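What follows is a short report on a single structure.
Rule-based calculations on the coordinates, nothing more; no lab input. All figures in this text were calculated on a predicted structure; none of them were measured in a lab. Using ideal geometry, Cβ is built from the backbone for each residue, glycine included, and neighbour counts are taken over all protein chains shown.
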Amino acid sequence: MKVLVPVKRVIDYNVKVRVKADGSGVDLANVKMSMNPFDEIAVEQAIRLKEAGQAEEVIAVSIGVKQNQETLRTALAMGADRAILVVATEDVHTDIEPLAVAKILKAVIDEENPGIVLAGKQAIDNDMNATGQMLAALTGWSQATFVSELSVEGNSAVVTREVDGGLQTIKVTMPTIVTVDLRLNEPRYASLPNIMKAKKKPLDEKSAEDLGVDVTPRLKIESTGEPEARLAGIKVGSVEELVEKLKEVGAV
Amino acid sequence: MAVLLIAEVNGGTLSVDSTAKALTAAKQIGEVTVLCVGSGCTDAAQAAAKLDGVSKVLCAQSDAYGHDLAEPIADLIVSLSSNYTHIVAPSTSASKNILPRVAALLDVMIISEVTAVIDADTFERPIYAGNAIQTVKSSDQIKVATIRTSTFEASNEAGMAEVASIDACADPGLSEWVEDKVAASDRPELTSAGIVVSGGRGVGSEDDFKIIEGLADKLGAAVGASRAAVDSGYAPNDWQVGQTGKVVAPDLYVAVGISGAIQHLAGMKDSKVIVAINKDEEAPIFQVADFGLVADLFDAVPKLTDQIA
Ligand SMILES: Cc1cc2nc3c(=O)[nH]c(=O)nc-3n(C[C@H](O)[C@H](O)[C@H](O)COP(=O)(O)OP(=O)(O)OC[C@H]3O[C@@H](n4cnc5c(N)ncnc54)[C@H](O)[C@@H]3O)c2cc1C
Ligand SMILES: Cc1cc2nc3c(=O)[nH]c(=O)nc-3n(C[C@H](O)[C@H](O)[C@H](O)COP(=O)(O)OP(=O)(O)OC[C@H]3O[C@@H](n4cnc5c(N)ncnc54)[C@H](O)[C@@H]3O)c2cc1C
């Protein structure tokens, strides 16, 4: 079985984002970019499936700009076998919508026939939380979202999902699309020798046109603004003073 | 405009708070029909019919709909879609699972976590953990959106709309439910509670989390947690507040032993009053707190619990 892992290049989660003064978006020039943290978890899980003898090959795929090569090299250094880059734009500020990403992934699936797709639950830049579900719709496959436990058993997978009320376990028919949540595993760091080895692993490059996908956005971004800032409050000196203040504002 | 609002139904009961908040957003767009889906949902449908501004309630019952499985419910919603310009739902784990699937089946984009309705095509939504707010205009035929409930007031109960039963669709049989692990609790629900008390890594252990729960119970509050507290096993996953957990906006939010990472702030910074208790006076949480107390939580929290009437 092949495992396909879509990995997104996003602004590093430690970077404080700045909205551009003209309201056209968020400043992405010269900021640190990293693999979406959820996707690291997905790559880790894919490698574990391979190590457990349940998968033969782990393929990482990224959609966006040329620079996504770096993100793919990270996945390869962690242990993915090969990578596919689908160039869909030249501008780092142009993000590709989940619907278009899902269509591209569908085209990749048609060529690669994986038994399972492990995607992140959400990308931490746009927080859409959508790509995996959309891909499941386009393939007509089952979907298992927000997964914190996964076991593949023949023609099905049993997954535990993090839901509002707690945890839900479901059994899905393979092939399936899984989106991973934070507590599925702790991703490994790539070792230096593996980083060197990753440079020699195959990285295929295609374009969205090659795959016949129109990436024209459906959502036009009219403006991007700063949220209203919260005014800093005061420090209180004691529990007594805190209780007094809370009573004053009617909070207790 | 004709809006189909997917009600949040849990175990046959309407989640009134989240549905009524999403209804407020839906009414700004057009005439609202509510869809209740479940293995049994007549009670939920009756409850939804009472909400102010609902023009009709559809009730689809089938065993296949009992556990929020995405595939059969998405097929049902798609089968109804031709009558509507908008399909919306409160942003819960169930709708975040189902609605993107619906959108892709209709070949439209999903608009996630809407915080404001500008007009029928234009919406605001937060990105980058709420560090930026984007205004997006959709060119799609049908708009499919999830509504961030913490930013809308709940609609009241007023009317008595007509309830109609509709047929279930065939179950594609792609997934089956195995079990739920849901801790029963007498505390209010995290996303609708008026007060939330949250603990972070600073609390130090599952046992010590009782201090947080004690304060919460005294205040009639829900209990929340940071990701670090959940990852460390001090608190269950459904307590996580933040960018990748639940988003809350209670009247009072008390953050105890939480440093205030942006991912945590994303889930609580719209609370009306924020209290922070942290022994590190430099902790970023103090930058958003209305009232900050620099203190050891093991000393301050029990005292606070005592002093609240
Ligand atoms: C500054 C800025 C500019 C923008 N400009 C445009 C624009 O010009 N046009 C436009 O249409 N939209 C634009 N957008 C919006 C953007 O296209 C979508 O909102 C965004 O793609 C939402 O997807 P997500 O990454 O949140 O996906 P999610 O659904 O949250 O991602 C979930 C998972 O899907 C996979 N995945 C997602 N994307 C990729 C990818 N590219 N490659 C591989 N795997 C992936 C990963 O496994 C990821 O963990 C812009 C947004 C910003 C912030
Ligand atoms: C992809 C991604 C998603 C994430 N999503 C979320 C999310 O949804 N929600 C979330 O919360 N985090 C999230 N995080 C994690 C986030 O970045 C922080 O790591 C986390 O919020 C830290 O939790 P904390 O404040 O409890 O722990 P810490 O940062 O370790 O802070 C502990 C605090 O407790 C204080 N303290 C210690 N002992 C005491 C004492 N005795 N008395 C008083 N104070 C004390 C310390 O001074 C410190 O400020 C996410 C991270 C990533 C990468």
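Annotations
- Considering only B:Ile277, B:Ile133, B:Ile212, the Gaussian network model of chain B with Cα springs below 10 Å gives its largest mean-square fluctuation to B:Ile133.
- Built amide H within the under 5 Å cut-off of B:Lys143, gap 5+: B:His86, B:Ile87
- Shape call, the range B:127-169: gyration tensor on alpha carbons, a/c limit 1.5: oblate
- Exposed trypsin sites (Lys or Arg not before Pro) absent - longest run of chain B, DSSP non-H/G/I/E/B, at most 15 other C-beta within 10 Å: B:1-271
- Convex hull volume of the Cα atoms of chain B, normalised per residue: 132 Å³.
- Size descriptors for the range B:114-231 (Cα atoms only): Rg and Dmax, in that order, 20.3, 53 Å.
- Rounded to 10°, Cα long-axis angle of helix B:297-307 versus longest principal axis of chain B: 80
- In terms of surrounding Cβ atoms within a 10 Å radius of their Cβ, A:Val58, A:Val101, B:Val136 rank from fewest to most as B:Val136, A:Val58, A:Val101.
- Between helix B:209-219 and chain B there is an angle of about 70 degrees, using the helix long axis and the longest principal axis of the Cα atoms.
- Counting every other Cβ atom within 10 Å of each residue's Cβ, B:Thr115, B:Thr42 order from fewest to most as B:Thr42, B:Thr115.
- Every pair of different Cα atoms in chain A enters the Kirkwood calculation, which places the hydrodynamic radius at 19.7 Å.
- Restricting the GluC sites (Glu not before Pro) of the range A:156-251 to loop positions (DSSP other than H, G, I, E, B) with no more than 14 neighbouring Cβ atoms within 10 Å leaves A:Glu209, A:Glu228.
- Separation of alpha-carbon centers, the range B:62-102 and the range A:158-203, rounded to whole Å: 26
- Shielding score for B:297-308, defined as the mean number of other chain Cβ atoms within 10 Å: 3
- The fewest-to-most ranking of B:His264, B:His67 by surrounding Cβ atoms within 10 Å reads B:His67, B:His264.
- Neighbour count of at most 13 Cβ within 10 Å plus DSSP loop: longest GluC sites (Glu not before Pro)-free window in chain B: B:1-152
- Computed over the alpha-carbon atoms, the range B:77-164 gives an Rg to Rh ratio of 0.98, Rh here being the Kirkwood radius from the mean inverse distance.
- The range B:23-108: proportion of alpha-carbon pairs further apart than 23 angstrom, %: 17
- When the convex hull of its Cα atoms is viewed from all sides, the range B:1-146 shows a mean projected area of 7.7 nm².
- Sorting the Cα pairs of the range A:65-172 by distance into bins of 5 Å, from 0 upward, gives 2, 10, 17, 22, 23, 15, 7, 3, 0 percent per bin.
- By the rule of a C-alpha distance below 12 Å, with chain neighbours fewer than 8 residues away ignored, the aspartates and glutamates paired with A:Lys50 are A:Asp81.
- Take each residue of peptide B:236-247, count the partner chain Cβ atoms within 10 Å of its Cβ, and average: the result is 4.
- Residue-by-residue Karplus 3J(HN,Hα) for the range B:271-283, coefficients 6.51, -1.76, 1.60, Hz, glycine and proline x: 5, 5, 10, 10, 10, 10, 10, 8, 7, 9, 5, 8, 4
- Restriction of the GluC sites (Glu not before Pro) in the range A:32-141 to DSSP coil positions whose beta-carbon has at most 12 other beta-carbons within 10 angstrom yields A:Glu56, A:Glu90.
- Orientation-averaged projection of the range A:102-145 equals 3.0 nm² [convex hull of Cα atoms, one quarter of hull surface area].
- In plain terms, the C-alpha convex hull of the protein assembly as shown casts an average shadow of 24.6 nm² when viewed from every direction.
- 25 Å Cα-Cα threshold exceeded, pairs from A:Lys16/A:Lys245; A:Lys20/A:Lys220; A:Lys171/B:Lys181; A:Lys2/A:Lys106; A:Lys171/B:Lys96; A:Lys121/A:Lys200: A:Lys16/A:Lys245; A:Lys121/A:Lys200
- Kirkwood hydrodynamic radius over Cα pairs of the range B:220-309, then Stokes diffusion coefficient at 10 °C and 1.306 mPa s, in µm²/s: 120
- From the largest down, the range B:165-254 spans 50, 28, 25 angstrom on the principal axes of its Cα atoms.
- Each 5 Å bin, from zero up to the one with the longest distance, holds this percent of the alpha carbon pairs of the range A:95-229: 2, 9, 15, 17, 17, 17, 14, 7, 3, 1, 0.
- Of all DSSP beta bridges in the protein assembly as shown, antiparallel share, percent nearest 5: 35
- Between amide H atoms placed 1.01 Å from N, distances below 5 Å from B:Ala276 occur with B:Ala255, B:Phe291, B:Gly292, B:Leu293, all of them 5 or more places distant or on a separate chain.
- Taken as Cα centroids, the range A:1-56 and the range B:180-213 sit 30 Å apart, rounded to the nearest whole angstrom.
- Tilt relative to chain A, helix A:239-248 - C-alpha long axis, 0 to 90 degrees, to 10: 80
- Residue-averaged 222 nm ellipticity for chain B, from DSSP H runs of 4+ at -39500 (n - 2.57), nearest 500: -7000 deg cm²/dmol
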